[in-house]
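Worksheet: one structure, shown below.
The values are calculated or read from the model by the stated rules, or taken from the named source; none is laboratory data. No experiment lies behind these values; they were computed from the predicted model shown. Neighbour counts are summed over all protein chains in view; Cβ atoms, including those assigned to glycine, are modelled from backbone coordinates with ideal geometry. What goes into the accessible areas is simple: the full protein's heavy atoms, side chains included, and nothing from ligands, DNA or RNA. Shrake-Rupley method; radii C 1.70, N 1.55, O 1.52, S 1.80 Å.
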Amino acid sequence: MIIRSTAPLRLGLAGGSTDVSPFCDLYGGSVLNVTINMFAYCTIEPLNNGKIIFDVRDRGEYQELNATATLDIADKIALLHKGVYNRIVSEYNNNKPLSFRITTYSDAPAGSGLGSSSTMVVCIIKAFTEWLNLPLGEYDIARLAYEVERKDLQLAGGKQDQYAATFGGFNYMEFEKNDSVIVNSLKVKNWIRNEIENELILYYTGTSRESAKIIDEQIKNTKEKNKRSIDNMLKLKQSAKDMKKAILMANFDEMARILNESWLAKRAVASTITNQEIDELYDFVLANGARAAKISGAGGGGFMMILCDPREKYSLVSKLKEKPGIVMTPTIYDDGAKAWTLYEE
């Protein structure tokens, strides 16, 4: 028997950072995101030899351990995988160890700004849910992924990525105190979706970033009630509501305006969100046909998301290909995490 799962990565269209506590606990957060055809992948092969094998292909991590009820995470090897395992065994397997080999990789590196770490956690949980036939719905999987990352492993970040990867498609999300999350899946007409997809360019700057440092500064500014930071966070929250309306009403000029304005607001939330390289890239794409652009995720590096008039797209992509980064033209992916089982004959 072999269990496989996939979960899609996401683009934050508006409202990013407002899903991070304590801001969303105090002021409420709103985020609009969409999943794309880039994924995290997981394969679980049950074993009967009392061993656990972690094979994390994209990070070059490999480890073989004796199966125990709780795995030590101090060495940080396969950290996300061990975090999921510990929770699954303690909450859903009566503290009985599991023996298996798990192989994973992602289409995007950690620190890319596409929610790759959280998407991987969702992907792994989905595989365990399939294997053990766990009674976990979409909200359950997303919340468990959030708790593994933010509470068990103490990794800094927000809540949107886990829900995006689980639900898939266009989602307007609302975040309140006590980790309350409401996911509003948007029914976007096909022609609107096609137009957005046709305008979309991703450019990987070639540098991943340590999002925790950016998020820690953002948290610090909120706790200290830094007026400039909070005012701009409130603008980001409003931008998610405005972006939802613009998309549903097919106002593409308004979408571009909101994306640009929200990037300017985002830059004011923490000092490490942008740098000279990012600013120069932003100016370059706008001078060469882009309608709007922003760095995806926490900022500081990773992928730049670009909206471009389709008539100018070929020209802009050609010019970006002359730069050292990687140019991609993703498509929108409407499904969330999925898992299936292969039975050997």
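At a glance:
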| read-out | value |
| --- | --- |
| Backbone N within the stretch 145-186 under 20 Å of label point (7 Å from GLU61 Cα along the Cβ vector) | 145-158, 161-162 |
| Average accessible area per residue (Å²) across the chain - probe 1.4 Å, nucleic acids and ligands excluded | 43 |
| Percentage, to the nearest whole number, of Cα pairs in the stretch 121-272 over 23 Å apart | 50 |
| Size of electric dipole in the chain: Cβ of Lys, Arg +1 and of Asp, Glu -1, about Cα centre, debye, nearest 20 | 640 |
| Estimated inter-spin distance, MET249 and ILE182, nm [label 7 Å along Cα→Cβ] | 2.1 |
| Per-residue [θ]222 nm for the chain (sum of -39500 (n - 2.57) over DSSP H runs n ≥ 4, rounded to 500) | -12500 deg cm²/dmol |
| log10 of Debye I(q)/I(0), alpha-carbon scatterers only, for the stretch 188-345 at 0.08, 0.15, 0.19, 0.21 Å⁻¹ | -0.28, -0.88, -1.25, -1.39 |
| The chain - Rg (one decimal) and Dmax (whole number), Cα, Å | 20.0, 64 |
| Within the chain, longest stretch free of exposed trypsin sites (Lys or Arg not before Pro) [DSSP loop, at most 14 other beta carbons within 10 Å] | 77-176 |
| Binned Cα-Cα distance frequencies in the stretch 88-155 - 5 Å width, integer % | 3, 15, 24, 26, 21, 8, 3, 0 |
| Kirkwood Rh in Å, taken over all unlike Cα pairs in the stretch 252-345 | 15.2 |
| Accessible-area value, TYR27, 1.4 Å probe, nucleic acids and ligands omitted, Å² | 70 |
| Calculated P(r) of the stretch 10-58 - Cα pairs past 15 Å, % | 66 |
| Spin-label proximity, THR70 to the stretch 154-177 - amide N less than 17 Å from point 7 Å beyond Cα toward beta carbon | 154 |
| DSSP-assigned coil residues among chymotrypsin sites (Phe, Trp or Tyr not before Pro) in the stretch 309-345, each with at most 15 further Cβ atoms within 10 Å | TYR343 |
| Protein accessible area in the chain, 1.4 Å probe - carbon and sulfur % | 47 |
| Calculated P(r) tail over 24 Å for the stretch 1-128, as whole % of Cα pairs | 35 |
| Folded to 0 to 90 degrees: helix 276-287 orientation relative to the chain principal axis, Cα | 60 |
| Check: the stretch 102-196 dipole with +1 on Lys, Arg Cβ and -1 on Asp, Glu Cβ, in debye | 200 |
| Column: log10 I(q)/I(0), Debye, Cα scatterers of the stretch 210-268, q = 0.14, 0.18, 0.27 Å⁻¹ | -0.45, -0.66, -1.02 |
| Gain in span if fully extended, ASN133 to LYS213, counting 0.36 nm per residue against the direct Cα distance | 25.0 nm |
| Cα convex hull of the stretch 117-199, projected area averaged across orientations, nm² | 6.8 |
| Charge-dipole axis of the stretch 1-71 as Lys and Arg at +1 and Asp and Glu at -1 on Cβ define it, positive-most pick from MET1, VAL20, LEU71 | MET1 |
| Relative contact order, percent, the chain [alpha-carbon distance under 8 Å, six or more residues apart] | 27 |
| Nearest-20 debye value, the stretch 1-100 charge dipole, Cβ charges on Lys, Arg, Asp, Glu | 160 |
